[in-house]
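Peer 1: Below you will find the structure I want to go over with you.
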């Protein structure tokens with residue numbers, strides 16, 4: 001990325017700050033709940049109605065706001081408010097994505113909608129909406145264990161319906177977070193946006209039937225740019241970003257996501273062992289090699305649905321060279337309607353000719369904040385390696401109202417020798433002698449846990 005491109009990127013598109021301010025106002029109102037609407041909450045809801053006033057949502061959102069003023073609201077009206085909030089987030093997302101495409105000169109595909117099934121009949125969806133309605137009326141500050149437990153039977157029934165797995169995961173996760181935070185009234189800070197995101201998405205999903213994934217079988221060469229590791233106490237996901245040279249000449253920016261369950265004691269390089277069901281992908285990450293793939297599904301959202309047995313390791317492929325040569329021409333994917341949120345933006349970029357100062361990357365006077373706290377302990381990337389580096393591969397993300405960079409790899413001259421460090425370098429095991437020694441001394445936590453689990457099963 002050049003200085004002129006960075007300057008164009010850092011100028012916020014018109015209307016985005018205002019849209020995000022309206023959303024923040026709605027989220028703040030949801031913290032206190034809709035049972036008692038004060039002047040501040042009423043102003044926030046009126047602002048939401050005004051923001052979507054020129055859209056097809058104008059009438060239902062305005063009617064919902066009016067009904068809230070009378071002290072009564074049902075799931076249909078709450079769903080209209082959730083749709084208005086989602087529409088504003090989508091507009092902000094689209095404006096920011098267009099800004100990236102314009103600044104970097106990249107093409108992007110149009111969204112292709114899949115066929116949606118009929119809305120789930122019966123009491124199951126009504127139960128979901130009823131619980132979400134109670135949350136909205138009570139507000140996050142009023143959530144207690146009894147209110148959280150009221151969703152248990154509904155969530156259990158959702159898990160029994162494979163077609164509703166997405167909604168089941170969402171509601172189960174929201175209930176778990178609320179339960180762990182109870183009583184919410186004592187929390188110093190409520191994660192208002194996160195919980196509002198989950199609440200609104202769950203409410204909108206409850207009106208939609210199972211969707212058909214729109215995908216196209218593709219074959220070709222996958223060139224890896226880097227991997228972004230997402231860790232949680234009970235799960236880990238490696239999201240690999242790359243460029244697919246498809247048979248026929250098309251070039252796409254794609255994501256490959258592989259996941260596994262975990263326990264919170266498995267951390268650091270041991271994380272990679274949990275993803276051992278994908279040995280070719282891990283080897284390609286560790287050895288910086290291309291992959292020849294056959295008949296994998298590429299979704300409309302840009303996800304390459306991974307099947308390790310349909311991949312063959314290819315020749316060496318330098319991620320920095322891939323970024324320099326291929327990124328500008330590779331076609332990006334459009335986001336699915338419910339994923340059109342600035343928080344989901346993650347565009348791979350290559351930056352050179354910068355300096356790192358005070359946690360930010362500076363290029364001709366322009367500053368781009370670095371997400372140094374997101375550097376994974378499962379790889380060799382450290383904040384120290386970024387200082388004095390000559391090139392950085394990373395994900396351009398929108399965080400807290402401004403662009404940030406999440407590093408995936410750096411290139412640095414160490415004692416006159418150019419050295420690369422990538423987040424996936426230890427995918428097949430650590431290569432740093434100090435880390436290997438420390439791991440040998442502390443023992444292999446994954447192996448120990450598997451042995452203990454085996455003993456329990458044999459009993």
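Read-outs throughout are calculated quantities, based only on the coordinates presented, and are distinct from any laboratory measurement. Predicted model only: the values in this text are computed from it and were never measured. Note: ideal-geometry Cβ built from the backbone for every residue, glycine included; neighbour counts use all protein chains shown.
Peer 1: Note the per residue figure in Å³ for the convex hull of the C-alpha positions in segment 337-381.
Peer 2: So the per-residue hull volume is 134 Å³.
Peer 1: Sticking with this one: Provide the gained length on full extension for the span residue 176 to residue 188, in nm with one decimal, where the gain is 0.36 nm per separating residue minus the Cα-Cα distance.
Peer 2: Gain in length upon complete extension: 2.4 nm.
Peer 1: Report, as a whole number in µm² per second, the diffusion coefficient that Stokes-Einstein gives for segment 173-274 at 37 °C and 0.692 mPa s using the Kirkwood radius over alpha carbon pairs. Mind showing how you got there, number by number?
Peer 2: Working: Rh = 17.5 Å.
Value of D from the Cα-based Kirkwood radius: 188 µm²/s.
Peer 1: Where in segment 279-317 does the label zone of residue 414 land, with the point 7 angstrom along Cα→C-beta and an amide N cut-off under 19 Å?
Peer 2: Counting only backbone N, you get 286-288.
Peer 1: Summing -39500 (n - 2.57) over the DSSP H runs of n ≥ 4 in the chain and dividing by its residue number, what mean residue ellipticity at 222 nm do you reach, to the nearest 500 deg cm²/dmol?
Peer 2: So the calculated ellipticity at 222 nm is -12500 deg cm²/dmol.
Peer 1: Now, a different point. I need the semi-axes of the equivalent ellipsoid of segment 277-327: take the C-alpha gyration tensor, multiply each eigenvalue by 5, square-root it, list largest first in whole angstrom. Write out the running numbers ahead of the final one.
Peer 2: Values: eigenvalues 70, 51, 16 Å².
They are 19, 16, 9 Å, listed from largest to smallest.
Peer 1: What's the FRET efficiency of residue 28 with residue 250 using the Cβ-Cβ distance as r and R₀ = 45 Å, to the nearest 0.05? Each step should come with its number before you reach the end.
Peer 2: Details: r = 45 Å, r/R0 = 1.00.
For residue 28 and residue 250, the calculated efficiency is 0.50.
Peer 1: Hey, how many Å between the Cα centroid of segment 64-118 and the Cα centroid of segment 167-190?
Peer 2: First find each Cα centre; the distance between them is then 24 Å.
Peer 1: Label points 7 Å out from Cα along the Cβ direction at residue 169 and residue 109: separation in nm?
Peer 2: 2.0
Peer 1: Okay, moving on. Using alpha-carbon pairs under 8 Å, 6+ residues apart, how would you state the relative contact order of the chain in percent? Before the final figure, lay out each step's value.
Peer 2: Values: 808 pairs, mean separation 68.6, N = 459.
Once divided by the residue count of the chain, the mean separation gives 15 percent.
Peer 1: Using a 7 Å offset from the Cα along the Cα-to-Cβ direction at both residue 159 and residue 400, what is the distance between the two label points in nm, to one decimal?
Peer 2: Taking the two extended label points, one gets 3.6 nm.
Peer 1: Please work out the ratio of the alpha-carbon Rg of segment 115-212 to 2.2 N^0.38 Å and round it to two decimals.
Peer 2: Taking N as the residue count of segment 115-212, the ratio is 1.07.
Peer 1: Given labels modelled 7 Å from the Cα in the Cβ direction, how far is it in nm from residue 232 to residue 152?
Peer 2: 2.1
Peer 1: For segment 215-326, what is the convex hull volume of its Cα atoms per residue in Å³?
Peer 2: Spelled out: Cα convex hull of segment 215-326, divided by residues, is 98 Å³.
Peer 1: When DSSP beta bridges are limited to those with both residues in the chain, what percentage is antiparallel, rounded to the nearest 5?
Peer 2: If I count the DSSP bridges inside the chain, around 95 percent turn out antiparallel.
Peer 1: Using 1/(1 + (r/R0)^6) with R0 = 35 angstrom and r between the beta carbons of residue 309 and residue 58, what's the FRET efficiency to the nearest 0.05?
Peer 2: Taking R0 as 35 Å, the efficiency between residue 309 and residue 58 is 0.10.
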